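The values are calculated or read from the model by the stated rules, or taken from the named source; none is laboratory data. As the structure is a prediction and not an experimental result, all values here were calculated from the model. Cβ coordinates were reconstructed from backbone atoms using ideal geometry, including for glycine residues, and neighbour counts include every protein chain displayed. With ligands, DNA and RNA removed, areas are computed over all heavy atoms of the protein, side chains included. Shrake-Rupley method; radii C 1.70, N 1.55, O 1.52, S 1.80 Å.
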Amino acid sequence: MDPRDTAPDSWEQEDDGEAPADVQLQTAFTALNVDAKPFVPNVNAAEFVPAFLQRGPSENPDTDGTEAVVSMEVSEPTVPVENGEAEMNTEETWEQKGGEPDDAEPGGGPDGEGPAPEPQQELMEEEEEVPTPKVAPAPPDAPKKEHVNVVFIGHVDAGKSTIGGQIMYLTGMVEKRTLEKYEREAKEKNRETWYLSWALDTNQEERDKGKTVEVGRAYFETEKKHFTILDAPGHKSFVPNMIGGASQADLAVLVISARKGEFETGFEKGGQTREHAMLAKTAGVKHLIVLVNKMDDPTVNWSLERYEECKEKLVPFLKKVGFNPKKDIHFMPCSGLTGANLKEPAEFCTWYTGLPFIPHLDSLPNFNRSSDGPVRLPIVDKYKDMGTVILGKLESGSIGKAQQLVMMPNRHTVEVLSLLSDDVETDDAAPGENLKLRLKGIEEEEILPGFILCNAENLCHSGRTFDAQIVIIEHKSIICPGYNAVLHIHTCIEEVQITALICLVDKKSGEKSKTRPRFVKQDQVCIARLRTAGTICLETFKDFPQMGRFTLRDEGKTIAIGKVLKLVAERD
């Protein structure tokens with residue numbers, strides 16, 4: 001018997017081993033052929049088994065059932081002698097699965113062995129069924145649907161992760177069984193209202209404290225579009241993570257809590273509602289949906305007055321940030337915990353006549369993206385997994401398998417080994433997709449978040465010095481040349497110094513001052529020269545808006561937002 005025959009637990013194994021043994025012992029075991037009949041159904045049953053085992057039945061017609069028995073009984077005594085332990089193990093496992101053959105010999109043949117293959121057969125079927133649903137549905141229509149990245153932003157505890165979890169449940173991306181498990185676990189920790197957020201807050205620390213730390217990712221599909229949810233952290237300590245999430249988004253969902261007291265704390269000076277809306281705008285999010293969450297709370301009870309009050313306070317602020325209230329902003333009430341007005345209209349909420357949240361997302365106009373532009377893929381994260389894997393959103397251009405690209409600013413030439421778009425493998429990707437790329441020709445240690453993949457014919461600009469127009473949003477004292485802050489531009493985070501103030505810009509008329517200012521203070525707009533500590537990749541705002549917008553942060557606050565006007569060549 002060949003050692004390679006040990007793997008399959010099927011009749012084939014014995015069919016092969018049967019030949020030599022059969023010749024020697026055919027005469028001794030002729031009596032057993034009478035018991036062969038019960039095996040006939042088992043030969044048919046093998047048709048349920050995966051493809052590589054199906055050959056057995058097709059090769060041996062029913063008559064071979066007789067030899068199968070012979071061989072099976074024979075292999076019992078002969079195998080240990082021939083092949084030692086290796087064979088023994090498979091034999092034992094086989095016996096445990098089926099009704100043990102040697103017991104069946106005395107004459108309980110049909111009874112003993114009849115049921116033997118059935119558990120095996122069920123096992124096989126089960127094994128096949130489990131993995132299929134995850135993979136099967138995605139590929140056929142993946143390329144047709146437009147990819148949209150949605151970032152959930154807002155004050156801590158407004159309900160961003162819970163709404164994300166609820167959407168995933170409503171669109172069938174999370175099974176009911178999984179959610180029930182989360183609900184039980186959350187109840188044990190006396191946190192039963194948190195269970196939906198656990199679909200997105202996956203690590204232990206996030207679950208214990210109920211606060212998102214890293215940007216959670218999930219996917220869901222509607223009839224027309226494929227969405228990626230980016231669940232940003234609301235806590236002010238994790239704003240840098242939130243900026244990274246917002247820089248990948250096409251549209252932002254600002255979640256605010258309607259509960260008495262919670263809306264106010266989120267919106268006042270230190271709250272994150274203001275800061276997040278502003279950061280989303282600078283990260284290049286054009287469209288904002290404001291979800292007024294927790295409308296089912298006893299203090300609110302779906303009241304129109306409270307909804308209008310929240311709306312009145314927010315609109316002037318969002319206008320100031322740069323959103324157009326008529327075109328860019330859409331308000332809607334909802335409840336993340338009950339799922340009201342997310343997929344189906346809420347029956348308690350008669351005064352809201354618009355579409356619920358998911359249908360509204362589906363009805364949004366398409367984003368116009370140029371797939372023929374230069375390749376630009378800012379890197380968000382990287383890790384090792386059978387090579388170097390990078391994550392990021394393709395801002396423009398298209399990437400295909402085996403394509404040669406250049407990693408800036410290090411100018412490493414790399415090759416794309418494989419492409420995953422939202423965890424589904426594809427051969428090419430269009431702009432706006434969230435990708436995982438496996439690269440060849442570069443080590444994981446040589447990449448930093450903020451590096452950019454470009455095509456060799458059209459490299460992105462890199463440098464240390466640039467001129468930019470900045471708006472000072474919040475700073476107690478004045479800002480003079482020599483001021484240091486942290487620059488967040490696309491996915492890159494770098495220390496920066498304001499080396500010179502060039503002129504002030506009048507907010508209303510846009511006129512530039514003739515003289516150089518000695519300082520700038522809150523709410524002023526100026527043009528300044530900035531110099532970063534290391535070389536970074538950037539483009540002017542005019543050429544490439546996604547890579548020409550930035551924010552300046554210091555001491556955990558967002559101080560200024562700005563856009564790159566001109567890149568200054570280095571003087572050697």
Applying the selection to region 481-506, what residues are among the acidic types (Asp, Glu) and either buried (at least 17 other Cβ atoms within 10 Å of the Cβ) or in contact with a Cys (Cβ under 8 Å, 6 or more places away or on another chain) (or both)?
Glu494
So which helices (runs of 4 or more DSSP H) stay within region 191-278 end to end and still have 3 or more residues that are buried (at least 17 other Cβ atoms within 10 Å of the Cβ) and not basic (Lys, Arg)?
239-246, 262-267
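Restricting attention to region 367-380, which residues are under 18 Å from the mean Cα position of the chain (by Cα) and farther than 14 Å from Ile452 by Cβ?
Residues of region 367-380 under 18 Å from the mean Cα position of the chain (by Cα): 377-380.
Hits for region 367-380: nothing passes.
Considering only region 154-169, I want to know if a residue exists there that is small (Gly, Ala, Ser), at pLDDT 75 or above and open to solvent by 40 Å² or more (accessible area, probe 1.4 Å). Explain how you work it out, then say what you get.
Kept after step one, since they are small (Gly, Ala, Ser), are these residues of region 154-169: 154, 158-159, 161, 164-165.
Then drop every residue that is not at pLDDT 75 or above, which leaves 154, 158-159, 161, 164-165.
Subsequent filtering for residues that are open to solvent by 40 Å² or more (accessible area, probe 1.4 Å) retains none.
Taking every residue of region 154-169 in turn, none turns out to be small (Gly, Ala, Ser), at pLDDT 75 or above and open to solvent by 40 Å² or more (accessible area, probe 1.4 Å).
Which of the following residues is assigned to a loop (DSSP other than H, G, I, E, B), within 29 Å of Ile473 (Cα to Cα) and open to solvent by 10 Å² or more (accessible area, probe 1.4 Å): Lys343, Lys326, Lys313? Don't jump to the end; show me each part of the working.
Details: Lys343 fails: within 29 Å of Ile473 (Cα to Cα); Lys313 fails: assigned to a loop (DSSP other than H, G, I, E, B).
Selected residue: Lys326, the only one of Lys343, Lys326, Lys313 that is assigned to a loop (DSSP other than H, G, I, E, B), within 29 Å of Ile473 (Cα to Cα) and open to solvent by 10 Å² or more (accessible area, probe 1.4 Å).
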Considering only residues that are open to solvent by less than 10 Å² (accessible area, probe 1.4 Å) and assigned to a loop (DSSP other than H, G, I, E, B), look in region 329-338 and name the one that is nearest to Leu304 (Cα to Cα).
Cys334
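If I filter region 360-369 down to residues being outside any loop (DSSP other than H, G, I, E, B) and in contact (Cβ under 8 Å) with a residue 24 or more places away in the chain, which single residue comes out as nearest to Val150 (Cα to Cα)? Step through it out loud before you land on a result.
Step one: list which residues in region 360-369 are outside any loop (DSSP other than H, G, I, E, B), which gives 360-363.
Those still in the list that are in contact (Cβ under 8 Å) with a residue 24 or more places away in the chain too: 360-362.
Working: His360: 13, Leu361: 10, Asp362: 12 Å.
Of everything passing the filter in region 360-369, Leu361 is nearest to Val150 (Cα to Cα).
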All-but-one check, His360 against (1) out of contact with any Pro (no Cβ under 8 Å at 6 or more places or on another chain); (2) open to solvent by 40 Å² or more (accessible area, probe 1.4 Å); (3) not acidic (Asp, Glu), failing number (2)
Checking Arg177 against (1) under 30 Å from Gly432 (Cα atoms); (2) open to solvent by 80 Å² or more (accessible area, probe 1.4 Å); (3) at pLDDT 85 or above: exactly one of these is not met. Which one?
(1)
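Which ones in region 537-551 are out of contact with any Phe, Trp or Tyr (no Cβ under 9 Å at 6 or more places or on another chain) and surrounded by 21 or more Cβ atoms within 10 Å (Cβ to Cβ)? Step through it out loud before you land on a result.
Going through region 537-551, the residues out of contact with any Phe, Trp or Tyr (no Cβ under 9 Å at 6 or more places or on another chain) turn out to be 539, 541-546, 550-551.
Glu539, Phe550, Thr551 - these are the residues of region 537-551 that are out of contact with any Phe, Trp or Tyr (no Cβ under 9 Å at 6 or more places or on another chain) and surrounded by 21 or more Cβ atoms within 10 Å (Cβ to Cβ).
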Does Glu395 qualify as being at pLDDT below 90 and touching a Lys or Arg at 6+ places or on another chain (Cβ under 7 Å)?
yes
Evaluate region 392-408: report whether one residue or more is in contact with a helix residue (DSSP H, G or I) (Cβ under 7 Å, 6 or more places away or on another chain) and surrounded by 15 or more Cβ atoms within 10 Å (Cβ to Cβ).
yes
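Determine if region 256-274 includes at least one residue that is of a type in the set (Gly, Ala, Ser) and within 17 Å of the chain's Cα centre (by Cα).
no
Take the residues in region 460-480 that are of a type in the set (D, E, K, R) and not in a strand (DSSP E or B); name whichever of them is surrounded by the fewest Cβ atoms within 10 Å (Cβ to Cβ). Walk me through it before giving the result.
Keep residues of region 460-480 that are of a type in the set (D, E, K, R), which gives 464, 467, 474, 476.
Narrowing the set further to residues that are not in a strand (DSSP E or B) leaves 474, 476.
Numbers: Glu474: 14, Lys476: 9.
Out of the qualifying residues, it is Lys476.
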Can you tell me which residue in region 422-459 is farthest from Ser371 (Cα to Cα), limited to those that are open to solvent by less than 30 Å² (accessible area, probe 1.4 Å) and of a type in the set (Asp, Glu)?
Asp422
Residue check for Asp297: open to solvent by less than 30 Å² (accessible area, probe 1.4 Å), of a type in the set (Asp, Glu) and out of contact with any strand residue (DSSP E or B) (no Cβ under 7 Å at 6 or more places or on another chain)
yes
